[in-house]
Amino acid sequence: MNKYTEPSTTLNLRQHLFMRYFTAVLVDLAVLNLCDEYWHLVHIESFTISLFTAVTLQALLQATVVVEHRIANYFLAKPGTAAKVKRIFASWFVLFASKFVILEAINLAFGDEVVFSGPVHGVVAFIVVVVLMVVAEQAVIRVYRALG
């Protein structure tokens, strides 16, 4: 073993989840701050507020995924094409409508310290930021997997 290699370790589930969400929050934090710095439609008052916003967004986005999966599983248990169509519509609706709920939660939690402006009262800017966050998270995951 040379000085650059470490013995292989196995993470338990709690350690794995910690690393997953810790990394996701850091990626979200970077995306939020880059959007704040380079896009006039996003304003975040301070680094501390952006950190709290990243944690809040990660928690709410994960809650959205849990709700969406539960609804999808409900319809997956039912036979037929109608159930499949309902599952697709319900999943889309939850994922879309959740952005409005999350944006309002951010507004209630942080007020004028976090502002998404522009079309549709900032909803478009918010959705763009969330999409950028998800794309950045997936890019980090792909790089991590490629290294293993």
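The values are calculated or read from the model by the stated rules, or taken from the named source; none is laboratory data. Since this is a predicted model, take the numbers as computed values, not measurements. So basically every Cβ, Gly included, is an ideal-geometry build from the backbone, and we count neighbours across all protein chains shown. Just the protein is used for accessible areas: all its heavy atoms, side chains included, with ligands, DNA and RNA removed. Shrake-Rupley method; radii C 1.70, N 1.55, O 1.52, S 1.80 Å.
Could you list, in sequence order, the residues of the stretch 104-143 that are in contact with a helix residue (DSSP H, G or I) (Cβ under 8 Å, 6 or more places away or on another chain), under 17 Å from residue 25 (Cα atoms) and not aliphatic (A, V, I, L, M)? Within the stretch 104-143, 126, 137 qualify. Right, residue 34: within 18 Å of the chain's Cα centre (by Cα) and free of Cβ contacts under 8 Å to residues at least 24 places away in the same chain or not? Spelling it out, residue 34 is indeed within 18 Å of the chain's Cα centre (by Cα) and free of Cβ contacts under 8 Å to residues at least 24 places away in the same chain.
Would a scan of the stretch 71-89 turn up a residue that is modelled with pLDDT of 90 or more and basic (Lys, Arg)? No. Among the residues examined, residue 37 qualifies as open to solvent by 50 Å² or more (accessible area, probe 1.4 Å) and assigned to a helix (DSSP H, G or I). Counting only residues that are assigned to a helix (DSSP H, G or I) and not aliphatic (A, V, I, L, M), which one in the stretch 123-148 is least open to solvent (accessible area, probe 1.4 Å)? Ranking the candidates gives 126 first. Summed over the stretch 68-86, residues that are touching a helix residue (DSSP H, G or I) at 6+ places or on another chain (Cβ under 6 Å) and open to solvent by 60 Å² or more (accessible area, probe 1.4 Å) total 1.
Regarding residue 63, is this residue in contact (Cβ under 8 Å) with a residue 24 or more places away in the chain and under 20 Å from residue 32 (Cα atoms)? Spelling it out, it is not the case that residue 63 is in contact (Cβ under 8 Å) with a residue 24 or more places away in the chain and under 20 Å from residue 32 (Cα atoms). If you go through the stretch 44-54 and keep only what is touching a residue at least 60 places away in the same chain (Cβ under 8 Å) and open to solvent by 80 Å² or more (accessible area, probe 1.4 Å), you end up with just 45. Counting just the residues of the stretch 42-84 that are touching a strand residue (DSSP E or B) at 6+ places or on another chain (Cβ under 8 Å) and not in a helix (DSSP H, G or I), which one comes out nearest to residue 29 (Cα to Cα)? The qualifying residue nearest to residue 29 (Cα to Cα) is 44. Looking across the stretch 87-120, the residues that are open to solvent by 30 Å² or more (accessible area, probe 1.4 Å) and outside any helix (DSSP H, G or I) come down to 115, 117, 118. Just checking, does the stretch 18-33 include any residue being open to solvent by less than 50 Å² (accessible area, probe 1.4 Å) and more than 24 Å from residue 63 (Cβ to Cβ)? No, the stretch 18-33 contains no residue that is open to solvent by less than 50 Å² (accessible area, probe 1.4 Å) and more than 24 Å from residue 63 (Cβ to Cβ).
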